[in-house]
Amino acid sequence: MLNKDEFRKSAHEIVDWIANYYENIEQYPVKSQVKPKEIFNQLPDETPLVSESMEVIMNDFEKIIMPGVTHWQNPNFYAYFPANSSFPSILGEMLTSALALQCMKWETSPAAAELEEKVMIWLRKMIGLPENFCGVIQDSASTATLAAILTSREKASAFQINEHGFESDTIFRVYCSTETHSSVEKAVKIAGIGKKNLVKIPVDERFAMRTDLLEQAIEKDIQQGFKPVCVVAALGTTGSLAIDPLKDIAKITSKHSIWLHIDAAMAGSALVLPEWQWMINGIEFADSFVFNPHKWMFTNFDCSAYFLKDKQALLNTFQLVPEYLKTNVDDVVNNYSDWGVPLGRRFRALKLWFVLRNMGLDEIRNRIRNHINLAKELGTQIETSIDFELLLPVSLNLVCFRYVGNKTANEEKLNQLNEQLLQAINQTGKIYVTHTKLNGKYTIRMQIGQTNVTKQHVDAAWTLIKNVVQDI
């Protein structure tokens with residue numbers, strides 16, 4: 001096992017490795033090219049009995065692990081959503097790992113609790129949330145959404161379900177659009193509300209929730225004796241980055257006293273731009289809001305910012321303090337283990353603090369605005385192309401398009417061609433894109449949000465796509 005001197009030497013070598021990795025990251029295939037079990041079968045079947053040197057371990061890391069890595073920090077990564085890092089975030093994460101704190105309560109690390117409280121205030125101001133929102137860092141938007149649905153369930157039952165379980169005949173209902181993230185469905189199942197009581201509302205031509213149908217569904221459920229407890233509105237759906245009409249939804253939830261949760265997992269970062277704050281018109285009527293700095297704010301996963309108005313409702317849902325965790329300052333501090341599911345918590349605020357201070361709000365705005373502009377430029381090129389078409393107007397940093405060729409192929413054939421095209425693009429290893437289906441059409445998605453992506457990268461990606469079309 002490493003002693004202090006060996007640790008110092010290995011640590012310096014690994015920092016050099018990290019710097020070299022980022023310097024040469026574009027030389028790797030963006031998407032891992034290995035086959036299933038290729039990594040697994042190279043690893044020993046048993047744990048080593050005796051110590052192995054860091055040199056041997058790092059050699060295996062290079063030889064076995066790196067070929068199986070998909071490089072999310074490569075500027076040519078356009079798949080799924082950004083999951084960005086940055087140098088200040090990496091340094092903060094290194095210190096978090098070194099300190100190895102257990103941040104469950106203020107007492108277990110006062111700095112962790114108070115830094116988290118402060119950076120959440122910074123974020124709240126940066127994205128334009130009202131002052132009566134308070135925040136906590138969760139591990140993911142999925143966890144934050146679960147917290148919102150559990151809190152809405154408890155508030156609607158006068159906090160009796162946690163105490164007695166589901167005893168009444170009342171059936172709770174939760175609402176979201178058909179395009180909303182699958183984490184909502186997972187949350188209603190975990191919360192005991194049941195998948196069949198998640199009401200999915202149809203969307204309009206821009207894939208945003210139709211509020212007229214939402215109101216009809218709620219009123220029908222009330223008439224049938226159901227109890228609506230939560231509506232989840234999306235500011236940027238995963239498939240198409242559709243933005244639900246928050247203000248209109250808020251009117252409905254306010255009228256019926258229903259908890260309104262806003263899932264802005266990726267798109268919430270764009271709220272740092274004044275020109276995009278229209279997305280949260282009506283936020284004063286919402287009950288909770290989540291976005292992920294670990295997506296589009298250059299901060300390592302995991303770091304999900306969850307805000308809500310009613311702190312006491314959250315505490316009443318999750319707080320459980322056995323004798324061994326009681327302290328004499330519990331009434332005057334934030335013990336963030338009481339704000340969600342896990343007791344144990346990482347020092348997530350540190351890396352976010354490093355990013356916010358080292359980059360500054362101006363640089364964060366510049367990078368996000370540049371990503372949006374690059375997406376618009378690519379959208380314009382696709383619109384003017386003979387062989388491709390946009391499948392909806394560019395939203396924020398997402399471009400959704402498909403190959404149409406001579407436009408004589410039917411929809412089934414076009415879907416097959418575009419699936420073939422996507423596979424061929426990714427097999428080049430030069431860029432990585434993913435797909436969705438919009439109105440049954442196989443759609444290639446390019447999100448332009450990686451920390452270091454430039455116009456040169458996007459132009460090269462577009463050229464590559466057109467060349468691959470010729471090859472197939």
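If we sort 141-149, 356-364, 343-351 on the protection proxy, mean other Cβ atoms within 10 Å, highest first, what's the order?
141-149, 343-351, 356-364
Excluding residues fewer than 8 places away in the same chain, name every one of the aspartates and glutamates whose C-alpha is closer than 13 Å to that of LYS376.
Correct list for LYS376: ASP459.
Sum -39500 (n - 2.57) across every DSSP H segment of at least 4 residues in the chain, then divide by the residue count to get the 222 nm mean residue ellipticity, nearest 500.
Computed mean residue ellipticity for the chain: -13000 deg cm²/dmol.
Just order 176-185, 431-440 by mean Cβ neighbour count inside 10 Å, highest at the front, would you?
Those peptides, ordered most packed to least, come out 176-185, 431-440.
Would you mind classifying the chain by shape? Square roots of the alpha carbon gyration tensor eigenvalues, ordered a ≥ b ≥ c; an a/c under 1.5 is rounded, otherwise it is prolate if a/b is larger than b/c and oblate if not.
Oblate is the answer for the chain, as a/c is 1.5 or above yet b/c matches or exceeds a/b.
For LYS35 and ASP16, compute 0.36 nm times the residue count separating them, minus their Cα-Cα distance, and round to one decimal in nm.
3.9 nm
Amide H of PHE77 versus every other amide H placed in the peptide plane: which residues, excluding those fewer than 5 positions away on the same chain, fall under 5 Å?
Answer set, sorted by chain and number: none.
Trypsin sites (Lys or Arg not before Pro) within the stretch 1-71: which are DSSP loop residues with at most 11 other Cβ atoms inside 10 Å?
Answer in residue order: LYS37.
Can you tell me how the stretch 102-346 classifies by the Cα gyration tensor, rounded, prolate or oblate, using a/c under 1.5 as the rounded cut?
Oblate is the answer for the stretch 102-346, as a/c is 1.5 or above yet b/c matches or exceeds a/b.
Can you return the lysines within cross-link range of LYS35? Criterion is Cα-Cα under 16 Å, with same-chain partners fewer than 8 residues away left out.
LYS63
Of LYS105/LYS125; LYS186/LYS295; LYS125/LYS309; LYS255/LYS309; LYS155/LYS189; LYS4/LYS118, which ones are farther than 23 Å apart at the Cα?
Going by Cα-Cα distance, LYS105/LYS125; LYS4/LYS118 fall outside the 23 Å limit.
If we sort 225-234, 188-197, 318-327 on the protection proxy, mean other Cβ atoms within 10 Å, highest first, what's the order?
Highest to lowest by the protection proxy: 225-234, 188-197, 318-327.
Starting from the Cα gyration tensor of the stretch 306-458, take the square roots of the eigenvalues, sort them a ≥ b ≥ c, and report rounded, prolate or oblate (rounded when a/c is under 1.5, otherwise prolate if a/b is larger than b/c, else oblate).
prolate
Which far-off residues, 5 or more places away or on another chain, put their amide H under 5 Å from the one on SER109, with H placed in the peptide plane?
HN-HN under 5 Å from SER109: empty list.
Straight-line reach from LYS227: which aspartates and glutamates have Cα under 16 Å away, leaving out those fewer than 8 places along the same chain?
GLU154, GLU167, ASP169, GLU215, GLU219
Values in this text are rule-based calculations from the coordinates and carry no lab data. Predicted model, so just to flag it, every value in this text is computed and none were measured. So basically every Cβ, Gly included, is an ideal-geometry build from the backbone, and we count neighbours across all protein chains shown.
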